[in-house]
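Reviewing the structure listed below.
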């Protein structure tokens with residue numbers, strides 16, 4: 001029914017309306033099967049607004065017979081229980097559904113039961129460390145993924161990929177899966193429907209996040225620190241310098257000389273000590289944590305504690321390196337699906353680069369220019385890798401677009417020019433490829449570089 005489509009796409013309000021309409025039509029006719037399905041759907045759709053009502057609907061769905069047996073109702077009851085924190089009931093429902101779905105040869109019910117069981121175990125032991133129990137949970141999710149793949153259920157498969165990424169702590173894979181769900185038409189309201197996404201919840205909001213790709217922003221539990229909260233421009237500069245070092249320590253002597261170049265060293269060092277206290281007050285205004293929780297200092301150095309501070313520079317750097325390595329790992333492989341997954345990863349990483357490091361111009365000199373150049377070059381490496389992978393997958397127009405982006409940033413990038421010509425030729429756009437070759441040759445002559453001969457391969 002259409003209500004199920006709305007539920008799958010995460011449209012809770014539309015699903016609720018459709019299920020209520022189905023109830024209004026089925027109850028007078030005594031159609032127990034439709035009524036049971038509608039109550040189960042309502043239990044999941046209305047959970048965020050009224051958990052108690054959702055539990056009541058789930059119980060009602062189990063009182064009526066259905067052609068699918070108790071699978072639909074027990075899954076609804078299991079997800080409502082899990083989202084409400086009742087892991088024991090969720091695990092019990094998962095076991096019952098797994099048995100019943102197996103008996104009825106219901107692969108969708110079986111896969112969902114495996115996910116419910118895995119997440120119930122995960123929620124029931126949130127403090128679990130890597131080991132055999134964690135491996136069993138992961139195995140259940142992997143087994144469910146295989147079932148969804150056999151069924152060709154793209155939304156369920158993308159959801160499962162997100163579950164596995166969260167279980168593994170792989171933020172990049174989680175972002176890729178979330179983007180895939182959006183492309184499949186699943187809206188953000190899906191996180192409020194009793195099901196796997198609501199069970200794991202959205203990504204946790206970090207206590208402290210520092211964004212320096214573009215303009216500086218420091219967020220405390222998701223709330224930006226206002227300009228007046230900084231007390232001094234030097235405090236902002238110190239945070240930027242440390243963010244550019246990806247959590248590596250910087251000596252006190254270096255920081256003092258950088259921030260107060262015309263000041264005697266002993267005076268600059270005293271000012272640095274005061275500035276460190278100022279930054280700590282910005283990052284922890286209520287002073288609820290030990291001094292080194294966010295900003296770590298010792299007698300000789302200072303660094304941001306990347307265990308407790310989320311840096312966009314670190315996220316971008318690590319994700320970019322991982323995506324480029326993933327591309328290298330599938331080089332020469334005939335597995336097209338692996339190449340498509342690499343493209344998705346690279347596209348997510350490109351989106352992480354929200355601007356050049358310290359683009360607001362507050363910090364100048366070597367300590368801003370070096371990281372700015374390094375991050376910008378890594379960003380270009382990601383785009384270049386993405387363009388090449390698209391070309392290998394015969395996504396010629398996409399490859400051409402990425403190469404054009406590289407040329408727009410650096411008109412003398414020879415490899416980007418040659419890649420663009422190859423992409424246009426592969427797409428059958430030979431006239432445009434020839435025109436682009438003339439542009440390339442002109443650029444190379446301007447810098448006294450001999451252009452490569454024109455080639456359509």
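The values are calculated or read from the model by the stated rules, or taken from the named source; none is laboratory data. As the structure is a computational prediction, the values presented were derived from the model and not from experiment. We place every Cβ from the backbone using ideal geometry, glycine too, and count neighbours over all the protein chains shown.
Among the numbered conditions (1) touching a strand residue (DSSP E or B) at 6+ places or on another chain (Cβ under 7 Å); (2) at pLDDT 95 or above; (3) surrounded by fewer than 17 Cβ atoms within 10 Å (Cβ to Cβ), the only one that residue 247 does not meet is (2).
Filtered by the rule that a residue be under 15 Å from residue 356 (Cα atoms) and in a strand (DSSP E or B), region 302-318 gives a lone residue, 311. Based on this model, can you work out whether residue 62 counts as farther than 23 Å from residue 121 by Cα, over 32 Å from the mean Cα position of the chain (by Cα) and buried (at least 16 other Cβ atoms within 10 Å of the Cβ)? Criteria met by residue 62.
Counting only residues that are surrounded by fewer than 19 Cβ atoms within 10 Å (Cβ to Cβ) and over 21 Å from residue 322 (Cβ atoms), which one in region 201-213 is nearest to the chain's Cα centre (by Cα)? Going through the qualifying residues, I end up with 202.
Within the option set 355, 361, being touching a residue at least 60 places away in the same chain (Cβ under 8 Å), closer than 30 Å to residue 233 by Cβ and either outside the structural domain of residue 172 (by TED's automatic domain parsing) or not in a helix (DSSP H, G or I) (or both) holds for one residue only, 355. I'd like the residue in region 318-340 that is crowded, with 18+ Cβ neighbours inside 10 Å and in contact (Cβ under 8 Å) with a residue 60 or more places away in the chain and, out of all such residues, is farthest from the chain's Cα centre (by Cα). Here the residue is 327. Candidates in region 270-301 are the residues that are under 31 Å from the mean Cα position of the chain (by Cα) and part of a helix (DSSP H, G or I); of these, the one that is nearest to residue 210 (Cα to Cα) is 283.
Taken over region 250-269, the criterion of being assigned to a helix (DSSP H, G or I) and either touching a strand residue (DSSP E or B) at 6+ places or on another chain (Cβ under 8 Å) or touching a residue at least 12 places away in the same chain (Cβ under 8 Å) (or both) is satisfied by 252, 253, 255, 256, 258, 259, 265, 268, 269.
Taken together, the criteria place residue 397 among residues that are surrounded by fewer than 16 Cβ atoms within 10 Å (Cβ to Cβ), over 21 Å from the mean Cα position of the chain (by Cα) and modelled with pLDDT of 95 or more. When residue 221 is tested against (1) within 27 Å of residue 284 (Cβ to Cβ); (2) touching a residue at least 60 places away in the same chain (Cβ under 8 Å), only condition (2) is not met. The residues in region 21-48 that are in contact with a helix residue (DSSP H, G or I) (Cβ under 7 Å, 6 or more places away or on another chain) and either without any contact (Cβ under 8 Å) to a residue 40 or more places away in the chain or not in a helix (DSSP H, G or I) (or both) can be counted, and the count is 16.
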